[in-house]
Structures are given as C-alpha cells and as structure tokens.
1. Take peptides B:182-190, B:127-135 and line them up by average Cβ neighbours within 10 Å, highest first, as a rough protection proxy.
2. Using a 10 Å cut-off on Cβ to Cβ distances, tally the other chain neighbours for every residue of A:87-95 and report the average as a whole number.
3. Can you list which of the GluC sites (Glu not before Pro) found in region A:30-98 are DSSP loop residues with at most 12 other C-beta atoms within 10 Å?
4. Using a 7 Å offset from Cα along Cα-Cβ at B:Glu488, what residues in region B:157-190 end up with backbone N under 13 Å from the label point?
5. First select every other residue whose beta carbon is under 15 angstrom from the beta carbon of B:Glu285; then total the charges, Lys and Arg +1, Asp and Glu -1.
6. For B:Tyr220, B:Tyr158, which order do you get if you count the other beta carbons within 10 Å of each Cβ and list the fewest first?
7. Quick check: Cα centre of region B:399-434 to Cα centre of region B:306-322, how many Å?
8. Could you list B:Leu353, B:Leu272 in order of exposure, starting from the residue whose Cβ has the fewest other Cβ atoms within 10 Å?
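Here, each number is a calculation from the coordinates, and none is a lab measurement. These numbers were taken from a predicted model, which means no experiment stands behind them. Neighbour counts are summed over all protein chains in view; Cβ atoms, including those assigned to glycine, are modelled from backbone coordinates with ideal geometry.
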Amino acid sequence: MKARLRFSPSIVSKTIISDTIRIFDINFNILRADISPKGGNMLVEISGKQANDSILHMEEQGIQVFPIKKVVKQDEEKCIDCGACVSLCPVNAISIKDDWAVEIDNQTCIGCGFCTFSCPTKAINVME
Amino acid sequence: MKTIDEINDKIKNGDAVVVNAAEMVNIVAENGLKEAAEEVDVVTTGTFGAMCSSGAFLNFGHSDPPIKMNKTFLNNVEVYSGLAAVDAYLGATQPNENPEIGSSYGGAHVIEDLIRGKEVELKVEAYGTDCYPLKKLETNISLEKLNQASMVNPRNCYQNYAVAVNSTDETLYTYMGTLLPNFGNVTYSSAGALSPLINDPYFQTIGLGTRIFLCGAQGYIIGEGTQHATEADRVNGVPVTPSGTLMLKGDMKKMDPEFVRGAAMPKYGPTLYVGAGIPIPILNEDIASRTAISDQEITCRIIDYGVPRRSRPIIRETNYAELKTGKIEIDNMEIPTSPLSSIKKAEEVAELLKKWIQDGEFYLSSPIYKIPSKGCTVKPLEIKKPSLLVKNIESKPAIIVHPSDEVKNVASKLVENNINHLPVVDNKGKLKGIVTSWDVADAVAKGKTLLKDVMTKKVIIARENEPVDVIARRIDKYNISGLPIVDEEDNLKGMITAEDISRLIGENQNKKGGE
C-alpha cells in the first residue's frame, strides 16, 4: 500500500522507520522524502505480511499515516489527451491507450510532480 | 470525375459517402484506388494542436461618452487596439500583465473563457479626443455582449512539423514542450495521417473560401497562412519539414469550448489549442490517392532543439507510425515519445465533421483561388547588425588559478583583483573548474586547504562561436555574474561577465542614438 507519513519535529531524530522495518520485516520503499528539523513528509510504499501491524506501530510512535489511493488526480474536464506528459514520467506511470486517451497509473506514480508542471492545461494535480 | 456541386447534391439527398482520412487508408488498401475514388465523396481530416499564431478581432461597441481605446486589457491581458476606436485584436500568446501569473493565464485563456460564455473584465486607457472624450473605462463584457468576435488565425494547420529532441545536459522548456536532457524524450506535433494539409499536399482542393470545421463551428480558409512554404523536400508528395500553412476565420459566438483550449507551455508562454478539420472532396483518383496516405508514409525530421539557432541540426528522419508507437531509437537508445497535439481530439474533429456532412448540416464550398503549391519560400530576418559572437568581444586575459593551489592564495588573488570568481585550469590551459568567493568561504568553514577540493567542477561555459545574446540569456537563466570562454578543445580563452555584456548593449544603444 501507498501512504503519506507525517513527522512532527519532536520525532524527526528518532529511528522509528528502521526500527519498524526490523521488527515487522516489511518492504519499505521510500518514493519521496522531505525531512528537516521542522518535521517531515514521506511518500512510501509498504508491503509484507505484517504491513498493517507496522502501520499501527508507526502511529503509536507518533507518525501520522495517511493511506493514499491516488497520488495524482487527472482532471477530466481540463485534460485534452495531448500526451505531453507521457514521455516525461520517470517511472512510466502515464500511458496512451488504444483510443489515444491518456491514463495515469496511480499504483506506479511517485508523485514527483514533473508532469504537473509540464501539463499545458494544468490538468494533473498532486494529491496532498 | 466528380464536381463539388454533384457532391453537394448527394449531401442534400443524404447519399454522400463520407469517411475520415484514417478510414480512407484502409478503404483504398482493400478496394483499390479506382473503386475508392468512385465510391467515396468526401474525406474528412482533423487536428487539435497548439497553434500559437491565433487570435480574435473583437468589437466592443461604443460607450457613452465614447472612448478611443488606446491601451486595452481583458482579464489583465493586453489586446492590441491600435485599430479605430473600439476594435481590438486579442492574440493567443500574449502573457498576463501580472508577471506572477505570466503565461498561466494569457490571451489564449481569455479566448477560451469568452467561448465558454464567461464574463471578462475590460479595462481601457485612452488619451481623449474631441470626438472620444472618455479617458478611462472599466466594465465587464461577455461574448454575447460583443458586436463581433471573429477568430482570425494568421498561421494554423502546419503541413507537417519538426520533431524535437534535446542533446544538451539540461532540461529545456520550449514551444515543443519540456525536453529532457541527453535525448531524454522526443516530442512531435502532428495528427499524421489525419492532418488536414498532409491529405491534400499540393492544395488541389483547398483555397480561399473553403468551408471548414474550426473550433466546433463552421469556419473558412481565408488564404495561405504566414510563413507558407512549398519548396521543401517531399516524400510521397508530403513535405518533410514544416511547409504549407493556412489563415483561418470563424465566428467565436458559434464555437464549442470542447474544441478550443487555452494552454501554456511551461516557461515558454500561453498558446491556443485549436481544433480544425478540412473536408476534402474526392474529385478524382489523384486526390483520392493523396488522402489514403498512412502514418508510415509521412516522413518527418527529428531536430536538436538544444541548439538555439535558426538552423538546428537534424538528428534523423522518422515517420508518424514510428513516433506513435511511443518509442523511438536514436544512437541505439530507446527514447519515449510524446505527441503534443491531441490525436484523440483530432479523431473527434474528423468524426464530427463527417457527421455534419452526413446529416446535411455542412456543404462543401469551391475555393475562389487555390492555396499556392509552388514558388513560396520563407525568408529569414536579417539583422542589420549581425549577431555579435563571443570571440568578437575584447576580453581581458583571464586571471587563472590551478587545482593544486592553496585556498588562501586563491583568496588573496580574489581580493587583489577585486573579483568574485576565477577559472581553474590545468597545466595545459584546459578549463577544470571555477572558484567563487563563496567556495573560498565554504573551504575556510570546513577547514579545507586545497583548491581542487572546493572548486566547482561543473562549469557553465561560453563557446567562442556562440552569439553574445545566447550568453546573456544563459547568465540570466543561471543567475551568475560571469562565465569562462573556451575553445573547441576546452582551452580557456578568457572570461565574459554580465558587465561586459551590458557595456556592449550600452554601446549599441549609444550608436543608434547617434546615427
């Protein structure tokens, strides 16, 4: 599952993530991270048998965990299916279907925002 | 074999056979050219691409007391009102007056908002005359309130276009979209086999007065577009470089927002996505064969946009079938491609135009004169004073330092010469890096003593043969004060600074004033 983790400044210096990985034997893939003394944000993908338990643990330690279904949202009204975004995606999450419609795979998307910036009609928004 | 009048009779009776240009490829392949030419009456085409050379003439009507509009703004986007008193031309690429909004809401967005029926703020300044005394005006307008709103696009529907790639090691933001460094992606902008002017490459049926689909309404071709060209190399009859263009006109009040869209290419500017479709009457076998062209048969050229000059290097030739696979090979690398024009929307345009004709809502027109198919070339703009090259600048011999120098000696050199940066060269005079006063401060803070450990190795440079204007843009872009000049072998030749450039511009202006 994909989730956004939020750290308060008081726990930034603790080793919660590595402890969690060790205790629950989970796969923990960091897609994006922005951590400073003021706190932090992380976009991660967690999998493994004890994934749910590991999330409970992180929450107990003070990390706010927000599971996300959508990393970005494609605005159907604004999108003209021009495809400018397709070749820019670093993880090939955007594809053109047989009918030339542009489709974003939220499972693959890491929310880097590159397509958001380059979209001529500003039709892709990173979900916060 | 057939005439336009005969086809129009069939349309009237509901008997006309209309297909789109993609379908025509298969029909000719299956039934043969002769049969296809007899059976099919009209082939519809379509495109939905960013067409910067677009805009609209608006007439606002007279206020009381009346005003002679001098400086005119719609939603804070300037429109050109140097024509009579209350006429204006709203250009698609005009950016917003507010630099923070800039290209994210420009002329193209105003056009879209008007077509959507939205209210738009009108602000006017004038100098006041005896007959037009009012000097200031602020009100709201909408499409409905305007007397006329004629979209007149000076250059649309380019016949073929360049395919863009970027060989440099930095991301470029261009009218061909975002181009990733080191051949990271390829962008193209043509509907290929559906594209209007590719289906009638010699303008056998297209000319002034041809009725067309324009942004969801019936519009007209009013002549060849600006930069219309006919003399390029051709493959299968189609020019391999951007060639023919059209000037189009349509009534904005009848347009459909589904087929027009204000857009912005990041760090480039606003542009208008225009949906246009041209019906091609199948009058004979030759015309039929032209409309049967497939993506595979349309050749185009991949151009390196990393070179900001009028002639950019050609990387290789390709075709739209290859581009549309989503990947293309350059130097054994597989590179992802992006269409910039919407092929989905282009299909919708061709299909809707087909439906209009089938339903008897759209009749073909005979052009009064055909778009020229030969003898047109595009002249370049020669600048009176040729662009100055870096090597023409008198630069003082650069003060240099070596990687093995001690930081404290570098510091004194900076102070003695009252400068902020020094180029670092090896014993043979090849550029190895640059050191700034900041790097020196950083070295002191971290206790480093050797220059090679603190110098910046990735240097932004100027080549001797580059125009000074290109360097000025580079200084702006990276917010730096100067850069080393190097020759082809990376030997240091001098330094060029922002001051050198502004002095140069100053000299030019002085000369202009003195002439």
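1. Final packing ranking: B:182-190, B:127-135.
2. Taking the mean over all residues of the peptide, I get 4.
3. Details: sites: A:Glu45, A:Glu59, A:Glu60, A:Glu76, A:Glu77; in loops: A:Glu76, A:Glu77.
Answer in residue order: A:Glu76, A:Glu77.
4. Zone members listed by number: none at all.
5. Value of the local net charge: -3.
6. Going from sparsest to densest Cβ surroundings: B:Tyr220, B:Tyr158.
7. Value for the Cα centre distance between the two parts: 40 Å.
8. Numbers: B:Leu353 25, B:Leu272 29.
The most exposed by this proxy come first: B:Leu353, B:Leu272.
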